[in-house]
Structures are given as structure tokens and as C-alpha cells.
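Enquirer: Could you have a look at this structure, given as C-alpha cells, before my questions?
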Amino acid sequence: MCGIVGYVGTQDASRIILDGLQRLEYRGYDSAGLAVVQGNGTIGVRREVGKLSGLGELVAAEPITGRIGIGHTRWATHGEPSQRNAHPHVGTVGEVAVVHNGIIENFLALRQELEAAGCCFSSETDTEVVVHLVERYLAEGLGLEQAVRQALTRVQGANAFVFLCSREPDLLIAARIGNAGGITVGLGEGEMFVASDIPAILEHTRAMIFIEDRQVAIVRRGGVQVTTLAGAPVTAQVHTIPWDPVAAAKEPYRHFMQKEIYEQARTVTDTIRGRADFEAGEVLFEQLSMTAKEARALEKMVIVACGTSAYAGLVGKFMIEALARVPVEVDYGSEFRYRDPIVNNKAAVLAITQSGETVDTLAAMEEARAKGARLWAIVNCIGSQAMRMADGVILMHTGPEIGVASTKAFTASLVDLYLLGCYLGKLRGTLDKAHLREQVDQLARLPDLMGRVLEHGDEYERLANHFHDREHFLYLGRGINYPIALEGALKLKEISYIHAEGYPAGEMKHGPIALIDEAMPVVTIAVHDHVYDKMISQIEQVKARGGTVIALATEGDERIAAKADHCLFVPAVAPLLSPIVNVVPLQLLAYHLAVRRGCDVDQPRNLAKSVTVE
Ligand code: AGP
């Protein structure tokens, strides 16, 4: 997902934009650039492939100064990462510049039409077609706003754009079509900011407007007007963002991911806050405003999500089926939307998405809506598209999650799913007052249990030194901890680039056991629960074939300590809450292995924090 920053005001636009792009680095990119309308009325452009530091050095060596500009970090879709494919793109005349997020699906036809009309292209990107279209309408006498509206009627696909024009050096035009990542307008005093993500501009203002699908923002230093694509005025809500800039800062940790792992004892507390009445032993979930009758009429729930959020959904299945006895299906967003799913108004579809902008999850939500299902979402990013689409929103309340590898948002999702299960169980009568109080009491102990696990971080560094050169890992879990095996494997592969597979432990003998050898460590989640004995025999099967076992075990478990090669101990936890604690050692193991291998932990190669392209 590309990063966008725009500015119009009285400060040095280049500095504001470079700072803002730095705060979006975590989203992943391969090149970056900025364009500024300079004092002499021309547009100055600086673009560089590779890290933002290279762009900063270029701007320092060849400054471009002005009071209005746009900047971009690019995650290549059309055209390889290179300086000429980096954004912003400027038209032939040189009066218009644009930055873009998304894919122009009909760019080839548009490019052929424009080349036939004499346009010369300087890049391989789809983006460049739109700046030539705008220049064409400017040449017909339209101003920037109308030229952009005209040009966008020709463009297909999910896209977000920000334009500037040297003829109107006090105006930015931002537009959003579909779900290609957000456009946020930050309201300052005598200055305005535009960004694809809140952290880019949070240090300047907390008052923000979120541009919706098929809307245009006309931004000047004195204020912003929002209209539909056709030009009809829209009353946009101004949100006050509760996050503080410090929350988005990294210090004193080495990486955002490390900070976010260690924040989890606090963030799960924030997620619980206001949703559990520990005195009364009650769960409070006003956001969903469901009656007991509606809850009892619920025939099934389908959880749709991607990546780590999908694994949270797999844990949620266990929680909600145990607590509320609602049948739960879990499906990848990218699969759900293409399988003509059997959902109707007696089903609830629950999306889980940290960013609230994952295009496959948003598309699944649209499919659910079209089929008449009740649509809920567990979301972290305030003002995101998923938040605006859902009938009921359950916030994660973790603050900005900057590391590409999701950690605190995952555990927050699990807490929300547990609370949702309790809420539905109460309404459906599957949880009487005593049982509900018991669940709430167990929840109260969770932050302390998380904190105890986080006290032993140094032992993971030792393990990482021992296993950093391995090429393959196998993760085994059973029951509610099977999805934690999947998540542990995903954490490892996405930040350390070690191949890792998560597997239901019972399936090992149906194939993966052929992989066992001394070179491939096997991480087994073998805590005290109803499948503990099965996991013990799994460990014995691995050891009998010369395998190396890293066991996640319950504190004081000497039986496992005698069998496994290495033990990671966690405190005893109520079974339905155990995944929330058990995932933390696997996050730390992945983190330290990635650091030991010298990987870019916060911005792993090829990955983006929010995948807004299919
Ligand atoms: C998780 O570590 C990855 N960054 C990725 O799998 C992520 O969970 C997935 O892209 C879904 O993102 P979302 O929760 O923002 O929808």
C-alpha cells in the first residue's frame, strides 16, 4: 500500500512531506518522491528509488522550496521500482503533478488513446495516464478541480489521488474511488494536511476528515470542501483522533514491532476497558445494540479476514462456539467473495481487520452486505473504510500499530472475540450469570499473565542465537491453539524469511512427519489443557525421529521439560484465553530470530502494512 502526504500552508512543504513520509515508512515501499510548487511558479520534483533517506539526501543536495506540495512512498504494482516510475508524476506541460494509491484497471486503453493523441509517456506506471488526462482538460480551459473530475470519469478501478497544479498554487485536489486505501484531511490553523494514514500528520493536528468512496476534497490553506465525484456538496464529519504522537513513536525500543509486543499487557487492558464490568460480572457491548431475540435468531456467523486477522478468526470460532453456541465459519476475505457464500439475513458476518483497508476483506464485507447479512467489524484504525461500512464496529483500542507484522492488534482481536462470545452468550442464554461472571473474572487476570510472559524476553535471544541459521521450522498446535501454530509460523516467515509451516498437530502423521529431521526445529504448543496428552505423544513422535523440539509449556511442567530440547514456559491460563498468552512467546521468538538474521523487522521485504490491492 503506497503512502501519500500533501501540504498547503505557510511552512516549508518539503520538510512537512518528508517527515510525514517517514511516519509511513512502516507500510512498506520501494521508492519515494515529492513535488512542490516553487516560488518561481514551476513544479520542482525529486524522486529516488530505495529508502527515504536517499530522497532526503537528494532534497538536501538539490532543495525544492514552496508552501504547497505532495509526496509519496511507492509499493510497485505497474513498472519496476525505479526513479522514473516513482511518484509524483508530472504531465508533458509540467503544470500538474499527481500521487496515487491503487490500480487504474483500464490504464492500457487510456495510454493508447493518449499516445495516439500525441502524449509522450516517461514511465511504465498506470498513474501517468491520469496526469495526462487532467492536462488535456486544463488545455480545454477547465480549472484543476473540474479537470480532475472530468479525468476521473474516465478512470476504472479502486484508486486514491492527490493533485496539485502550478496555475493554482494554493489548491490541492484529493479524490477517492473504491477501497484503495484512505485519504485523510488534517485541519490545521492556516494550513491543511492530506495523508493516506493518520500517523503521517498526527503531530500537526488531531482534527481529521476521512474522504469516502467517490468523494473529492478541495483543499486550501484556509479550509476544505468535500463533494461527491459529480460535485454535490457533502457534509464531512470532523473526527478528533485520540491517539497521541508519542504512541506512534518507537523509543525506547529498537523496533516498532518490539515496542508493540511489549505493549500488549497494556493494550489488552485498553481493549477490555469499558467493555467488562468486573463488579457486576457483566460484559457491555453497546456498539452492537442487539436484542436477546435477535441474538437467539442468529443462525450462524461467518468471520472474514486475511493473514494474521484470519488466524484470530480461527481462534474466535472456538471462543464464540463455546460461549454462545453459534456455529461459526471462518473464511479468507479473498476466498469468501468468490464462492457465492450461503449467507442471508439470519447470519452475521464479522470482518476482522487492523487497518480497516484490506481490499479483500472490504470486498467480502460488500458481498455479505449484498446478501443481506448483519455486518460487524473488529477494527483498529479509526475512520477506516471497514469501520464506515459495518453495521456494528468493535474497536481494538491498541493505538497505531506501526510494525508490518501484526502483534498487539492480533491479541486485541482475540480479546474482542472473547468479549463478543460472552455478550452473545448472555443474550442467547447459553451463559448464565454465574458462568458469565467466571468468564469476566478470568479476563481480569489476563493483563497480569501477559506481563509475566513478557518478563522473560531475554531467553528468546538465546534461542535465536541457537537457531538463527535454520532454513525450516514446523509449528504444531491443537484445538484452540492450532491457529496459534499458524500465527507463530506466519510471524517467523514474514520477518525472518525462514520458511515456516503451522499445522494441526494431529495431522502430523498424515504427511508432515516425513519432514522431521534434526535440521528442522519443531515448535509445539503443549500447555495444560484437554489435548495435553495428545501433544505429549506428538513430542515423543518428533523426538523418536531425531527431531528437535521447542515446547511451549505451562510453568512447572517437568514432564515436558524432560522430553523437549528447549522449553518456553507460560503461566496457566483459562483454556479459552490461553491463545492470547501463548502467542507472545512465538512473537518474541520470531522477532529475535529476525533481528539475529539482520532482517528489516518493521518493514520486511515485499510486505505492506495494509494490502489495498488484490
Ligand atoms: C500480519 O502480520 C500481516 N501483516 C498480514 O497478514 C495482515 O494480518 C493482513 O494483511 C491483514 O491485515 P488487516 O488486519 O489490516 O486487514
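Enquirer: For region 83-103, name all the residues that are in contact with a Ser or Thr (Cβ under 6 Å, 6 or more places away or on another chain) and over 28 Å from Val359 (Cβ atoms).
Expert: Glu95
Enquirer: Restricting region 391-437 to residues that are without any contact (Cβ under 8 Å) to a residue 60 or more places away in the chain and among the acidic types (Asp, Glu), which is nearest to the ligand (Cβ to nearest atom)?
Expert: Asp391
Enquirer: A follow-up question, please. With respect to Leu577, is the statement that it is within 14 Å of Arg445 (Cα to Cα) and either free of Cβ contacts under 8 Å to residues at least 40 places away in the same chain or not in a strand (DSSP E or B) (or both) true?
Expert: Numbers: within 14 Å of Arg445 (Cα to Cα): yes; either free of Cβ contacts under 8 Å to residues at least 40 places away in the same chain or not in a strand (DSSP E or B) (or both): yes.
It is true that Leu577 is within 14 Å of Arg445 (Cα to Cα) and either free of Cβ contacts under 8 Å to residues at least 40 places away in the same chain or not in a strand (DSSP E or B) (or both).
Enquirer: When region 352-385 is examined, which residues are found to be of a type in the set (A, V, I, L, M, F, W, C), more than 15 Å from the ligand (Cβ to nearest atom) and not in a helix (DSSP H, G or I)?
Expert: Scanning region 352-385 gives Ala373, Leu375.
Enquirer: For Phe193, indicate whether it is buried (at least 24 other Cβ atoms within 10 Å of the Cβ) and farther than 19 Å from Val131 by Cα. Explain how you work it out, then say what you get.
Expert: Details: buried (at least 24 other Cβ atoms within 10 Å of the Cβ): yes; farther than 19 Å from Val131 by Cα: yes.
The answer is yes for Phe193.
Enquirer: Then there's this: Would you check if there is a residue in region 527-544 being free of Cβ contacts under 8 Å to residues at least 24 places away in the same chain, surrounded by fewer than 17 Cβ atoms within 10 Å (Cβ to Cβ), in a loop (DSSP other than H, G, I, E, B) and touching a strand residue (DSSP E or B) at 6+ places or on another chain (Cβ under 7 Å)?
Expert: No, every residue in region 527-544 fails to be free of Cβ contacts under 8 Å to residues at least 24 places away in the same chain, surrounded by fewer than 17 Cβ atoms within 10 Å (Cβ to Cβ), in a loop (DSSP other than H, G, I, E, B) and touching a strand residue (DSSP E or B) at 6+ places or on another chain (Cβ under 7 Å).
Enquirer: Under 7 Å between Cβ atoms, which residue pairs at least 6 apart in sequence (or on different chains) link something in region 478-494 that is more than 20 Å from Lys509 (Cβ to Cβ) and part of a helix (DSSP H, G or I) with a partner that is at pLDDT below 95 and within 11 Å of the ligand (Cβ to nearest atom)?
Expert: Partner pairs satisfying both residue conditions: Glu494/Pro604; Glu494/Leu607.
Enquirer: Which of the residues that make up region 386-409 are in a helix (DSSP H, G or I) and under 12 Å from Thr353 (Cβ atoms)?
Expert: Step one: list which residues in region 386-409 are in a helix (DSSP H, G or I), which gives 386-389, 408-409.
Passing the criteria: Ala386, Met387, Met389, Ala409.
Enquirer: Take Ala310 and tell me if it is under 26 Å from Thr361 (Cα atoms) and aliphatic (A, V, I, L, M). Working first, answer last.
Expert: On the way: under 26 Å from Thr361 (Cα atoms): yes; aliphatic (A, V, I, L, M): yes.
It is true that Ala310 is under 26 Å from Thr361 (Cα atoms) and aliphatic (A, V, I, L, M).
Enquirer: Something else now. Got a sec? Which of Leu164, Leu187, Leu172 is more than 21 Å from Ala109 (Cα to Cα), among the aliphatic types (A, V, I, L, M) and surrounded by fewer than 20 Cβ atoms within 10 Å (Cβ to Cβ)? Write out each step before concluding.
Expert: Numbers: Leu164 fails: surrounded by fewer than 20 Cβ atoms within 10 Å (Cβ to Cβ); Leu172 fails: surrounded by fewer than 20 Cβ atoms within 10 Å (Cβ to Cβ).
Only one candidate qualifies: Leu187.
Enquirer: I'd like the full set of residues that are buried (at least 22 other Cβ atoms within 10 Å of the Cβ) and touching a strand residue (DSSP E or B) at 6+ places or on another chain (Cβ under 7 Å), limited to region 307-325.
Expert: Listed by number, the residues that qualify are Ser309, Ala310, Ala312, Gly313, Gly316, Ile320.
Enquirer: While we're looking at this one, here's another question. Could you check, for region 239-254, whether at least one of its residues is of a type outside the set (Gly, Ala, Ser), modelled with pLDDT of 90 or more and under 19 Å from the mean Cα position of the chain (by Cα)?
Expert: No - not one qualifying residue is present in region 239-254.
Enquirer: Considering Thr267, Thr271, Thr291, which residue is surrounded by fewer than 23 Cβ atoms within 10 Å (Cβ to Cβ), of a type in the set (S, T, N, Q) and touching a helix residue (DSSP H, G or I) at 6+ places or on another chain (Cβ under 9 Å)?
Expert: Exactly one of Thr267, Thr271, Thr291 is surrounded by fewer than 23 Cβ atoms within 10 Å (Cβ to Cβ), of a type in the set (S, T, N, Q) and touching a helix residue (DSSP H, G or I) at 6+ places or on another chain (Cβ under 9 Å), namely Thr291.
Enquirer: Hey, can you tell me all the residues within region 29-46 that are surrounded by fewer than 24 Cβ atoms within 10 Å (Cβ to Cβ) and of a type in the set (Gly, Ala, Ser)?
Expert: If the condition is that a residue be surrounded by fewer than 24 Cβ atoms within 10 Å (Cβ to Cβ) and of a type in the set (Gly, Ala, Ser), then Gly39, Gly41, Gly44 are the ones that fit.
Enquirer: Condition first: away from the ligand (no atom under 13 Å from the Cβ), modelled with pLDDT of 95 or more, under 25 Å from Ile498 (Cα atoms) and assigned to a helix (DSSP H, G or I). Can you find one or more residues in region 552-569 that meet it?
Expert: Among the residues of region 552-569, not one is away from the ligand (no atom under 13 Å from the Cβ), modelled with pLDDT of 95 or more, under 25 Å from Ile498 (Cα atoms) and assigned to a helix (DSSP H, G or I), which makes the answer no.
Enquirer: Are there any pairs with C-beta distances below 8 angstrom linking a residue in region 108-121 that is modelled with pLDDT of 90 or more and surrounded by fewer than 13 Cβ atoms within 10 Å (Cβ to Cβ) to a residue that is in a helix (DSSP H, G or I) and not β-branched (Val, Ile, Thr), with the two at least 6 apart or on different chains, and if so which?
Expert: Close Cβ pairs satisfying both conditions: Ala117/Arg136.
Enquirer: Only one residue in Pro88, Pro63, Pro81 is closer than 22 Å to Arg220 by Cβ and not charged (D, E, K, R), so which one is that? Talk me through it step by step, then tell me what you get.
Expert: Details: Pro63 fails: closer than 22 Å to Arg220 by Cβ; Pro81 fails: closer than 22 Å to Arg220 by Cβ.
So the residue among Pro88, Pro63, Pro81 that is closer than 22 Å to Arg220 by Cβ and not charged (D, E, K, R) is Pro88.
Enquirer: So, of the residues in region 302-351 that are part of a loop (DSSP other than H, G, I, E, B) and charged (D, E, K, R), which turns out to be modelled with the lowest pLDDT?
Expert: First pass over region 302-351, keeping only residues part of a loop (DSSP other than H, G, I, E, B): 306, 325-327, 337-346.
Going one step further and asking which of them are charged (D, E, K, R), we end up with 325, 337, 339-340, 346.
Details: Arg325: 97, Arg337: 90, Arg339: 93, Asp340: 93, Lys346: 95.
Filtering first and then ranking leaves Arg337.
Enquirer: Give the residues of region 213-227 that are at positive phi and among the charged types (D, E, K, R), sorted by residue number. Can you show your working first?
Expert: Quick first cut of region 213-227, residues at positive phi only: 214, 223.
Once the filter is applied, which keeps residues that are at positive phi and among the charged types (D, E, K, R), region 213-227 yields only Arg214.
The values are calculated or read from the model by the stated rules, or taken from the named source; none is laboratory data. Quick caveat: nothing in here was measured; it's all calculated off a predicted structure. Please note: Cβ atoms are built from the backbone with ideal geometry, for glycine as well, and neighbour counts cover all protein chains shown.
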